[in-house]
1. Note down the magnitude of the dipole of the chain about its Cα centre, charges +1 on Lys and Arg C-beta and -1 on Asp and Glu C-beta and zero elsewhere, to the nearest 20 debye.
2. Mind running the shape call on region 106-168? Use the C-alpha gyration tensor, a ≥ b ≥ c as the square roots of the eigenvalues: rounded below 1.5 for a/c, prolate if a/b tops b/c, oblate otherwise.
3. For region 12-72, what is the accessible area per residue in Å² when the probe is 1.4 Å?
4. Once you sort the root eigenvalues of the Cα gyration tensor of the chain as a ≥ b ≥ c, which label holds: rounded (a/c under 1.5), prolate (a/b larger than b/c) or oblate (the other case)?
5. Within the chain, which complete DSSP H helices have Cα atoms spanning at least 20 Å along the helix axis and a mean Kyte-Doolittle hydropathy of 0.0 or higher?
6. At 222 nm, what value in deg cm²/dmol follows for the chain if DSSP H runs of at least 4 each add -39500 (n - 2.57) and the sum is divided by all its residues, to the nearest 500?
7. Can you list the lysines whose alpha carbon sits under 21 Å from that of LYS149, skipping same-chain ones fewer than 8 residues off?
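The values are calculated or read from the model by the stated rules, or taken from the named source; none is laboratory data. All figures in this text were calculated on a predicted structure; none of them were measured in a lab. As a convention, Cβ positions derive from the backbone with ideal geometry for all residues, glycine included, and neighbour counts pool all protein chains shown. When the accessible area is computed, the model is the full protein with side chains, heavy atoms only, and any ligands, DNA or RNA have been set aside. Shrake-Rupley method; radii C 1.70, N 1.55, O 1.52, S 1.80 Å.
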Amino acid sequence: MESQTFKVILLGDSSVGKSSIVINFCEDTFSTSIESTIGAAYILKTINNGNKEIKLQIWDTAGQERYNSLTLLYFRSSQGAIVVYDITDKTTFERAKLWIREIREKEEQKTTIALVGNKTDLKERLVSTERGSKYAKEEDLLFFETSAKTGEGISKIFLDLIKEMPKN
Ligand code: GTP
Ligand code: MG
(Lines give C-alpha, C1' and ligand atoms only; values in the text may rest on other atoms or scores of the structure.)
(Ligands and ions follow the chains in the order given, each with its own letter.)
Protein backbone atom coordinates (compact mmCIF):
# COMPACT_ATOMS: atom_id res chain seq x y z
CA MET A 1 0.00 0.00 0.00
CA GLU A 2 1.20 3.50 -0.80
CA SER A 3 2.07 5.43 2.33
CA GLN A 4 2.35 9.14 3.08
CA THR A 5 3.68 10.78 6.24
CA PHE A 6 2.84 14.25 7.51
CA LYS A 7 4.11 16.09 10.54
CA VAL A 8 1.48 18.27 12.22
CA ILE A 9 2.00 20.53 15.25
CA LEU A 10 -0.67 21.92 17.60
CA LEU A 11 -0.08 25.37 19.06
CA GLY A 12 -2.07 27.72 21.27
CA ASP A 13 -2.57 28.99 24.81
CA SER A 14 -2.82 26.65 27.77
CA SER A 15 -6.32 25.21 28.33
CA VAL A 16 -7.73 26.00 24.88
CA GLY A 17 -8.14 22.24 24.30
CA LYS A 18 -5.21 21.12 22.13
CA SER A 19 -4.75 17.80 23.91
CA SER A 20 -8.51 17.29 24.06
CA ILE A 21 -8.75 17.75 20.28
CA VAL A 22 -6.01 15.18 19.68
CA ILE A 23 -7.57 12.71 22.13
CA ASN A 24 -11.02 13.16 20.62
CA PHE A 25 -9.60 12.52 17.16
CA CYS A 26 -7.37 9.57 18.08
CA GLU A 27 -9.45 7.86 20.79
CA ASP A 28 -12.95 9.33 20.51
CA THR A 29 -13.04 10.22 24.23
CA PHE A 30 -13.24 13.43 26.32
CA SER A 31 -12.29 14.20 29.93
CA THR A 32 -12.67 17.33 32.07
CA SER A 33 -9.79 16.23 34.27
CA ILE A 34 -7.09 16.04 31.58
CA GLU A 35 -3.67 17.27 32.74
CA SER A 36 -1.88 20.25 31.28
CA THR A 37 0.79 19.11 28.81
CA ILE A 38 4.44 19.26 29.89
CA GLY A 39 6.84 20.09 27.05
CA ALA A 40 5.08 18.27 24.22
CA ALA A 41 3.36 14.97 23.54
CA TYR A 42 3.86 12.89 20.39
CA ILE A 43 1.09 10.79 18.90
CA LEU A 44 1.23 8.74 15.72
CA LYS A 45 -2.14 8.26 14.03
CA THR A 46 -2.55 6.09 10.93
CA ILE A 47 -5.54 6.61 8.66
CA ASN A 48 -6.52 4.47 5.71
CA ASN A 49 -7.68 6.67 2.90
CA GLY A 50 -8.84 4.41 0.06
CA ASN A 51 -5.69 2.73 -1.22
CA LYS A 52 -3.40 5.05 0.71
CA GLU A 53 -2.05 4.80 4.20
CA ILE A 54 -1.65 8.24 5.79
CA LYS A 55 0.59 8.56 8.80
CA LEU A 56 0.11 11.66 10.93
CA GLN A 57 2.95 12.46 13.30
CA ILE A 58 1.15 14.77 15.72
CA TRP A 59 3.09 17.03 18.11
CA ASP A 60 0.79 18.34 20.85
CA THR A 61 2.75 21.19 22.47
CA ALA A 62 2.37 22.72 25.93
CA GLY A 63 0.59 26.08 25.99
CA GLN A 64 1.94 27.20 29.36
CA GLU A 65 4.12 30.26 28.89
CA ARG A 66 7.25 28.77 30.43
CA TYR A 67 7.47 26.30 27.52
CA ASN A 68 7.02 28.89 24.76
CA SER A 69 10.69 29.20 23.85
CA LEU A 70 10.84 25.43 23.30
CA THR A 71 7.66 25.15 21.29
CA LEU A 72 8.92 26.31 17.94
CA LEU A 73 11.70 23.70 18.06
CA TYR A 74 8.95 21.11 17.54
CA PHE A 75 7.73 23.11 14.59
CA ARG A 76 10.76 22.33 12.40
CA SER A 77 9.84 20.43 9.23
CA SER A 78 6.11 20.40 9.97
CA GLN A 79 3.88 20.41 6.90
CA GLY A 80 0.85 21.41 8.95
CA ALA A 81 0.03 23.47 12.02
CA ILE A 82 -3.21 23.54 14.01
CA VAL A 83 -3.45 26.80 15.96
CA VAL A 84 -6.19 26.64 18.57
CA TYR A 85 -8.04 29.30 20.57
CA ASP A 86 -10.99 29.13 22.95
CA ILE A 87 -14.07 30.96 21.60
CA THR A 88 -14.96 32.02 25.18
CA ASP A 89 -11.58 33.76 25.75
CA LYS A 90 -10.47 36.70 23.59
CA THR A 91 -6.86 36.69 24.77
CA THR A 92 -6.44 33.17 23.40
CA PHE A 93 -7.52 34.47 19.97
CA GLU A 94 -4.90 37.25 20.12
CA ARG A 95 -2.30 34.67 21.19
CA ALA A 96 -3.26 32.45 18.24
CA LYS A 97 -2.52 35.36 15.90
CA LEU A 98 0.94 35.73 17.46
CA TRP A 99 1.69 32.02 16.92
CA ILE A 100 0.62 32.31 13.29
CA ARG A 101 2.93 35.28 12.81
CA GLU A 102 5.79 33.29 14.35
CA ILE A 103 5.12 30.32 12.06
CA ARG A 104 5.20 32.55 8.99
CA GLU A 105 8.52 34.04 10.15
CA LYS A 106 10.17 30.69 10.86
CA GLU A 107 8.78 28.41 8.14
CA GLU A 108 11.22 27.14 5.53
CA GLN A 109 8.50 25.97 3.18
CA LYS A 110 4.86 27.05 3.19
CA THR A 111 3.07 25.47 6.14
CA THR A 112 -0.62 24.67 5.86
CA ILE A 113 -2.21 26.33 8.89
CA ALA A 114 -5.60 25.48 10.36
CA LEU A 115 -7.06 28.08 12.73
CA VAL A 116 -9.42 26.39 15.19
CA GLY A 117 -11.94 28.05 17.52
CA ASN A 118 -12.65 25.36 20.13
CA LYS A 119 -15.32 24.87 22.84
CA THR A 120 -18.39 25.63 20.69
CA ASP A 121 -20.47 23.63 23.18
CA LEU A 122 -20.11 26.51 25.70
CA LYS A 123 -22.69 29.31 25.74
CA GLU A 124 -20.29 32.13 26.79
CA ARG A 125 -18.92 32.88 23.32
CA LEU A 126 -16.72 36.02 23.07
CA VAL A 127 -15.03 35.50 19.68
CA SER A 128 -17.57 35.44 16.85
CA THR A 129 -17.39 33.03 13.94
CA GLU A 130 -17.14 36.04 11.60
CA ARG A 131 -14.10 37.41 13.42
CA GLY A 132 -12.27 34.08 13.23
CA SER A 133 -13.15 33.34 9.63
CA LYS A 134 -12.32 36.88 8.46
CA TYR A 135 -8.84 36.68 9.98
CA ALA A 136 -8.33 33.21 8.50
CA LYS A 137 -9.28 34.45 5.05
CA GLU A 138 -6.89 37.43 5.28
CA GLU A 139 -4.01 35.20 6.33
CA ASP A 140 -4.78 32.32 3.96
CA LEU A 141 -5.56 29.78 6.70
CA LEU A 142 -8.07 26.94 6.90
CA PHE A 143 -10.73 27.75 9.49
CA PHE A 144 -12.75 25.49 11.78
CA GLU A 145 -14.90 25.74 14.87
CA THR A 146 -14.97 22.66 17.04
CA SER A 147 -15.94 21.07 20.31
CA ALA A 148 -13.57 18.46 21.68
CA LYS A 149 -16.37 17.66 24.14
CA THR A 150 -19.02 16.72 21.58
CA GLY A 151 -16.57 15.90 18.76
CA GLU A 152 -18.16 18.49 16.47
CA GLY A 153 -15.81 19.47 13.63
CA ILE A 154 -12.77 17.60 14.96
CA SER A 155 -12.10 15.00 12.28
CA LYS A 156 -12.70 17.58 9.56
CA ILE A 157 -9.64 19.55 10.74
CA PHE A 158 -7.35 16.60 10.10
CA LEU A 159 -9.03 15.39 6.91
CA ASP A 160 -8.96 18.86 5.32
CA LEU A 161 -5.34 19.36 6.40
CA ILE A 162 -4.37 16.08 4.73
CA LYS A 163 -5.91 17.35 1.49
CA GLU A 164 -4.08 20.69 1.66
CA MET A 165 -0.63 19.88 3.07
CA PRO A 166 2.38 19.90 0.73
CA LYS A 167 3.28 16.34 -0.31
CA ASN A 168 6.94 15.43 -0.50
P1 GTP B 1 -2.07 22.77 27.73
O2 GTP B 1 -1.64 21.35 27.62
O3 GTP B 1 -1.84 23.34 29.12
O4 GTP B 1 -1.45 23.64 26.69
O5 GTP B 1 -3.70 22.83 27.51
P6 GTP B 1 -4.53 22.20 26.28
O7 GTP B 1 -4.67 23.24 25.22
O8 GTP B 1 -3.96 20.90 25.87
O9 GTP B 1 -5.99 22.02 26.93
P10 GTP B 1 -6.64 20.65 27.43
O11 GTP B 1 -6.96 19.77 26.28
O12 GTP B 1 -5.81 20.10 28.52
O13 GTP B 1 -8.05 21.19 27.99
C14 GTP B 1 -8.13 22.15 29.04
C15 GTP B 1 -9.51 22.06 29.71
O16 GTP B 1 -10.54 22.44 28.78
C17 GTP B 1 -9.86 20.64 30.18
O18 GTP B 1 -10.59 20.75 31.38
C19 GTP B 1 -10.77 20.12 29.07
O20 GTP B 1 -11.68 19.15 29.56
C21 GTP B 1 -11.49 21.40 28.62
N22 GTP B 1 -11.92 21.36 27.22
C23 GTP B 1 -11.15 21.09 26.14
N24 GTP B 1 -11.87 21.17 25.01
C25 GTP B 1 -13.14 21.49 25.38
C26 GTP B 1 -14.35 21.71 24.66
O27 GTP B 1 -14.44 21.64 23.42
N28 GTP B 1 -15.46 22.03 25.41
C29 GTP B 1 -15.43 22.15 26.77
N30 GTP B 1 -16.56 22.45 27.38
N31 GTP B 1 -14.29 21.94 27.47
C32 GTP B 1 -13.16 21.63 26.79
MG1 MG C 1 -2.25 19.88 26.41
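1. It comes to approximately 220 debye.
2. oblate
3. On the way: 3330 Å² over 61 residues.
Here the residues of region 12-72 average 55 Å² of exposed surface.
4. Details: a/c = 1.36, a/b = 1.23, b/c = 1.10.
Taking the square roots of the gyration eigenvalues as a ≥ b ≥ c, the chain is rounded.
5. none
6. Helices in the chain give a 222 nm mean residue ellipticity of -10500 deg cm²/dmol.
7. Candidates past the 8-residue exclusion: LYS18, LYS45, LYS90, LYS119, LYS123.
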